[in-house]
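Okay, so here's the structure we're looking at.
The values are calculated or read from the model by the stated rules, or taken from the named source; none is laboratory data. Being a predicted model, the structure only gives us computed values, none of them experimental. Note that we place each Cβ from the backbone using ideal geometry, even for glycine, and neighbour counts take in every protein chain shown. Areas reflect the complete protein model, heavy atoms only, side chains present, ligands, DNA and RNA absent. Shrake-Rupley method; radii C 1.70, N 1.55, O 1.52, S 1.80 Å.
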Amino acid sequence: MPRGKSNAKNTKGASGAGTIRKKTVKRNGKTYTYWEARYTTGFDPGTGKQIQKSVTGKTQKEVAEKLRKVTSEIDSGTYQEQNRMTLGEWLDIWVSDYLGNIKPWTVVLYKSIIRTHIKPSLGAIRLDALTPPMIQHFYNELSKKHGDKPGLAPKSVKNIHGIFHKVLQQAVEVGYIHSNPTDACKIPRVEKPEIEPLDSEEITRFLDAIKGHRFEDLYIVALFTGIRRGEICGLKWDCVDFERGTICIKCQLQKVPGTRSDVELTSTKNGKSRVIAPAQSVMALLKRHRADQRAMRLRAGSAWQDNDFVFCNEVGEPLSAHTVYNNYKRIVASIGIPTSRMHDLRHSYVVAAIMSGDDIKTVQENLGHATAAFTLDRYGHVTDQMRQASAERMEQFFKSVSNQ
């Protein structure tokens, strides 16, 4: 070690100490006078030398105020060096480096929202210059109608806010900004849409309408298990256990533009697998479906692709969830319920299960919801109906035993 260096840190002033001086410089033949304060932010761990920065201003008072502010931040541990990176530059880094564990379709969604909304509006602003009012104005503009173009729905604004919050929270965690300015923003209230399950009469009409349809078995399984569209399109035979009478839901098929097949198997919505035990008639239907598929495989010959999907096209390729949905819409339109969505089959299953006496915990696990509380909140109206029906039955019982 060089002589005299061993006690370098002990002989130097504390971090934050600063000095103010008047400076005069000549540029392009003109003389400029200003005030400058230099302060120490710490010491270089390699050389032991002070790391010095400076603030400048037109007057000694202005510079003194700046110096007091920065030294106070250094003393309190909240000091942060200025970062000239723009939000747009940070968005590019975030998309490139921080989406490794995100599902492919979610990555596509994030990139689209960043490209379409966040970057055009705020991308040129310096990352450390973003403020809550600035972002609030951005959200407000998204909701406004501009000419003939309607504003975004509250749910869309909420989605944009969610992504923006993730982006800036990562900037906080790596030390580029002190706090997340989106925390102080208010977004439009999202009204929870009413669920619209099919009633018994509509279910009967639907089952009659799909007889002989190429997706008949798929729709029946969806209706009587509550499996999501992506999950049923991604279901494979190794997840169907005929001996135990169970189905394991562990993945879903998602459309991912730009990939080789435009579809990809990913984990379920909550990232967890679940095992359900459908009605015996559903398992019997799947057995018949497997036999039909084997016959279809023989007809396809060498063109068959052995992907092991339970529901596939004539040569074993996975079904497009979009095609399955479009066919569903045509069917329900033909029977007089054009507003019905395929997800309403899932709602119909839940209502039937609860009305049949299944407890909320079992329904929650079958659906793959995170908690029973979420399921109860979503389908609370069904239990309300059951409580009313119970009260009416008790009233009849009371009258029968009390001779009233």
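Scanning the range 187-223 for residues that are assigned to a loop (DSSP other than H, G, I, E, B) and either of a type in the set (Gly, Ala, Ser) or closer than 14 Å to Ser340 by Cα (or both) returns Pro193, Glu194, Ile195, Glu196, Pro197, Leu198, Asp199, Gly212.
Taking the criterion of being outside any helix (DSSP H, G or I) and in contact (Cβ under 8 Å) with a residue 24 or more places away in the chain, the residues of the range 150-182 that qualify are Gly175, Tyr176, Ile177, His178. Between Gly16, Gly42, Gly46, the distinction of being in a loop (DSSP other than H, G, I, E, B), modelled with pLDDT under 85 and at positive phi belongs to Gly16 only. Looking only at residues of the range 180-194 that are modelled with pLDDT under 90 and open to solvent by 70 Å² or more (accessible area, probe 1.4 Å), we find that the one that is farthest from His381 (Cα to Cα) is Glu191. For Tyr98, state whether it is buried (at least 17 other Cβ atoms within 10 Å of the Cβ) and not aliphatic (A, V, I, L, M). Considered against the rule, which asks whether it is buried (at least 17 other Cβ atoms within 10 Å of the Cβ) and not aliphatic (A, V, I, L, M), Tyr98 comes out as no.
For Ser6, the conditions (1) among the hydroxyl-bearing types (Ser, Thr, Tyr); (2) exposed (fewer than 15 other Cβ atoms within 10 Å of the Cβ); (3) modelled with pLDDT of 65 or more all hold with the exception of (3). Would the range 110-128 turn up any residue that is closer than 24 Å to Glu191 by Cβ and charged (D, E, K, R)? There is no residue in the range 110-128 that is closer than 24 Å to Glu191 by Cβ and charged (D, E, K, R). Scanning the range 317-359 for residues that are within 25 Å of the chain's Cα centre (by Cα) and aliphatic (A, V, I, L, M) yields Leu319, Ala321, Val324, Met342, Leu345, Val350.
Scanning the range 19-29 for residues that are open to solvent by 100 Å² or more (accessible area, probe 1.4 Å) and at pLDDT 85 or above, which turns out nearest to Glu73 (Cα to Cα)?
First pass over the range 19-29, keeping only residues open to solvent by 100 Å² or more (accessible area, probe 1.4 Å): 21-22, 26-28.
Filter once more, keeping what is at pLDDT 85 or above: 21-22.
Details: Arg21: 21, Lys22: 24 Å.
Residue satisfying both the conditions and the ranking: Arg21.
Of the residues in the range 257-268, at least one is out of contact with any Asp or Glu (no Cβ under 8 Å at 6 or more places or on another chain), open to solvent by less than 50 Å² (accessible area, probe 1.4 Å), over 30 Å from Asp199 (Cβ atoms) and not hydroxyl-bearing (Ser, Thr, Tyr). Trp94 meets each of the listed conditions (1) more than 24 Å from Pro188 (Cα to Cα); (2) at pLDDT below 95; (3) not in a loop (DSSP other than H, G, I, E, B) apart from (2).
Suppose the filter is within 16 Å of Asp199 (Cβ to Cβ), open to solvent by less than 70 Å² (accessible area, probe 1.4 Å) and touching a helix residue (DSSP H, G or I) at 6+ places or on another chain (Cβ under 6 Å); does Ile360 pass it? Write out each step before concluding.
Values: within 16 Å of Asp199 (Cβ to Cβ): no; open to solvent by less than 70 Å² (accessible area, probe 1.4 Å): yes; touching a helix residue (DSSP H, G or I) at 6+ places or on another chain (Cβ under 6 Å): yes.
No: the conditions fail for Ile360.
Residue check: is Ser334 within 21 Å of Ile276 (Cβ to Cβ) and open to solvent by 10 Å² or more (accessible area, probe 1.4 Å)? Spelling it out, it is not the case that Ser334 is within 21 Å of Ile276 (Cβ to Cβ) and open to solvent by 10 Å² or more (accessible area, probe 1.4 Å). The single residue among Asp306, Asp344 that is open to solvent by 60 Å² or more (accessible area, probe 1.4 Å) and of a type in the set (D, E, K, R) turns out to be Asp306.
Can you tell me which of Thr78, Thr33 is part of a loop (DSSP other than H, G, I, E, B) and either modelled with pLDDT under 75 or not charged (D, E, K, R) (or both)?
Working: Thr33 fails: part of a loop (DSSP other than H, G, I, E, B).
So the residue among Thr78, Thr33 that is part of a loop (DSSP other than H, G, I, E, B) and either modelled with pLDDT under 75 or not charged (D, E, K, R) (or both) is Thr78.
One residue is enough: does the range 226-247 have a residue meeting the conditions of a type outside the set (A, V, I, L, M) and farther than 26 Å from Ala370 by Cα? First the steps, then the outcome.
At the first step, the residues of the range 226-247 found to be of a type outside the set (A, V, I, L, M) are 226, 228-231, 233-234, 236-239, 241-246.
Checking the rest, the ones that are also farther than 26 Å from Ala370 by Cα come to 242-243.
Within the range 226-247, one or more residues are of a type outside the set (A, V, I, L, M) and farther than 26 Å from Ala370 by Cα.
Conditions (1) under 30 Å from Lys111 (Cβ atoms); (2) touching a Pro at 6+ places or on another chain (Cβ under 7 Å); (3) not aromatic (Phe, Trp, Tyr), marked per residue:
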position	(1), (2), (3)
Leu253	yes, yes, yes
Val275	no, no, yes
Leu286	no, no, yes
Gln293	no, no, yes
Leu298	no, no, yes
Gly301	no, no, yes
Ile335	no, no, yes
Arg346	yes, no, yes
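Looking at the structure I just gave you, is Glu317 open to solvent by 40 Å² or more (accessible area, probe 1.4 Å) and without any contact (Cβ under 8 Å) to a residue 12 or more places away in the chain? Against the criterion (open to solvent by 40 Å² or more (accessible area, probe 1.4 Å) and without any contact (Cβ under 8 Å) to a residue 12 or more places away in the chain), Glu317 does not qualify.
Those residues that are of a type in the set (D, E, K, R), open to solvent by less than 70 Å² (accessible area, probe 1.4 Å) and closer than 28 Å to Val263 by Cα, I need them from the range 195-252; list them, please. Listed by number, the residues that qualify are Glu216, Asp217, Arg228, Glu231, Lys236, Asp241. Evaluation of Gln404 against the conditions (1) at pLDDT 80 or above; (2) in a loop (DSSP other than H, G, I, E, B) shows that the sole unmet condition is (1). Within the range 125-147, the set of residues being exposed (fewer than 15 other Cβ atoms within 10 Å of the Cβ) and among the polar types (S, T, N, Q) comprises Thr131 only.
Answer yes if at least one residue in the range 183-192 is under 20 Å from the mean Cα position of the chain (by Cα) and within 21 Å of Trp94 (Cα to Cα), and no otherwise.
Keep residues of the range 183-192 that are under 20 Å from the mean Cα position of the chain (by Cα), which gives 183, 185-192.
Applying the additional criterion that residues be within 21 Å of Trp94 (Cα to Cα) yields 183.
Yes, some residue in the range 183-192 is under 20 Å from the mean Cα position of the chain (by Cα) and within 21 Å of Trp94 (Cα to Cα).
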